[in-house]
1. Out of all the residues in the range A:3-33, which are within 12 Å of DNA strand C (Cβ to nearest atom), outside any loop (DSSP other than H, G, I, E, B) and either without any contact (Cβ under 8 Å) to a residue 12 or more places away in the chain or among the charged types (D, E, K, R) (or both)?
2. Tell me, yes or no, whether the range A:20-32 has at least one residue that is more than 8 Å from DNA strand B (Cβ to nearest atom) and either farther than 20 Å from A:Phe98 by Cα or in contact with a His (Cβ under 8 Å, 6 or more places away or on another chain) (or both).
3. Can you give me the number of residues within the range A:49-99 that are at negative phi and in contact (Cβ under 8 Å) with a residue 24 or more places away in the chain?
4. Right, A:Gly41: farther than 16 Å from A:Phe101 by Cβ, within 7 Å of DNA strand B (Cβ to nearest atom) and surrounded by 17 or more Cβ atoms within 10 Å (Cβ to Cβ) or not?
5. Scan the range A:57-80 and tell me whether some residue there is under 25 Å from A:Phe5 (Cβ atoms), in contact with a Leu (Cβ under 8 Å, 6 or more places away or on another chain) and at pLDDT below 95.
6. Determine if the range A:96-105 includes at least one residue that is within 14 Å of DNA strand C (Cβ to nearest atom), at pLDDT 95 or above and farther than 23 Å from A:Phe5 by Cβ.
7. Here is a list of conditions, (1) farther than 16 Å from A:Val12 by Cα; (2) touching a helix residue (DSSP H, G or I) at 6+ places or on another chain (Cβ under 6 Å); (3) within 16 Å of DNA strand C (Cβ to nearest atom), and A:Cys47 meets all of them except one; can you say which number that is?
Amino acid sequence: MSDNFFDLVYRVVLQVPKGGVTTYSAVARFLNNPRGSRSVGWAMRQCNLPEVPCHRVIKSDGSIGGYGDEGVAKKAKLLRKEGVMITQGKVDLSKYEFRAFTLANFG
DNA sequence: AGGGTGACCCGCT
DNA sequence: CAGCGGGCCACCC
């Protein structure tokens, strides 16, 4: 039931486990839209579903990015609580980036 | 059909 | 190494 780009994005983001992160760009690439990172960010902005861990999606340079009205402070706090270490406002993607995405939930 | 918005990315300076 | 500007993509008037 992936009529919208949102749904596709959500399927991907839902796969990111606690303690892991992914990037807008990585999600876009997985959806065969290497240049669609902005659309992913846009989808996150529209996302208000509590079951989607949108706080685990950060920028490709490791910085936190945004978190709508909640604020990046909240986002960073959530990540730390999940075990993701943040130094100098950035996450070490080589340690925390989740890459093992699957097409399982895409029908 | 065109313009505006948005939690981005990359190359250049 | 930090900052700026242009490019890209999906969606809503």
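The values are calculated or read from the model by the stated rules, or taken from the named source; none is laboratory data. In this text, all values refer to a predicted model and were calculated from it rather than measured experimentally. For neighbour counting, all protein chains shown are included, and Cβ atoms are generated from backbone atoms with ideal geometry for every residue, glycine included.
1. A:Asp7, A:Arg29
2. Checked against the condition, which is being more than 8 Å from DNA strand B (Cβ to nearest atom) and either farther than 20 Å from A:Phe98 by Cα or in contact with a His (Cβ under 8 Å, 6 or more places away or on another chain) (or both), the range A:20-32 yields no hits at all.
3. 26
4. Answer is yes for this residue.
5. So far as the range A:57-80 goes, no, none of its residues is under 25 Å from A:Phe5 (Cβ atoms), in contact with a Leu (Cβ under 8 Å, 6 or more places away or on another chain) and at pLDDT below 95.
6. No.
7. Tallying (1) farther than 16 Å from A:Val12 by Cα; (2) touching a helix residue (DSSP H, G or I) at 6+ places or on another chain (Cβ under 6 Å); (3) within 16 Å of DNA strand C (Cβ to nearest atom), A:Cys47 fails exactly one: (1).
Rundown of residues vs (1) more than 8 Å from DNA strand B (Cβ to nearest atom); (2) polar (S, T, N, Q); (3) surrounded by fewer than 17 Cβ atoms within 10 Å (Cβ to Cβ); (4) in a strand (DSSP E or B), yes/no style:
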residue: A:Asp61; (1), (2), (3), (4): no, no, yes, no
residue: A:Lys77; (1), (2), (3), (4): yes, no, yes, no
residue: A:Arg80; (1), (2), (3), (4): yes, no, yes, no
residue: A:Val84; (1), (2), (3), (4): yes, no, no, no
residue: A:Lys95; (1), (2), (3), (4): yes, no, yes, no
residue: A:Arg99; (1), (2), (3), (4): yes, no, yes, no
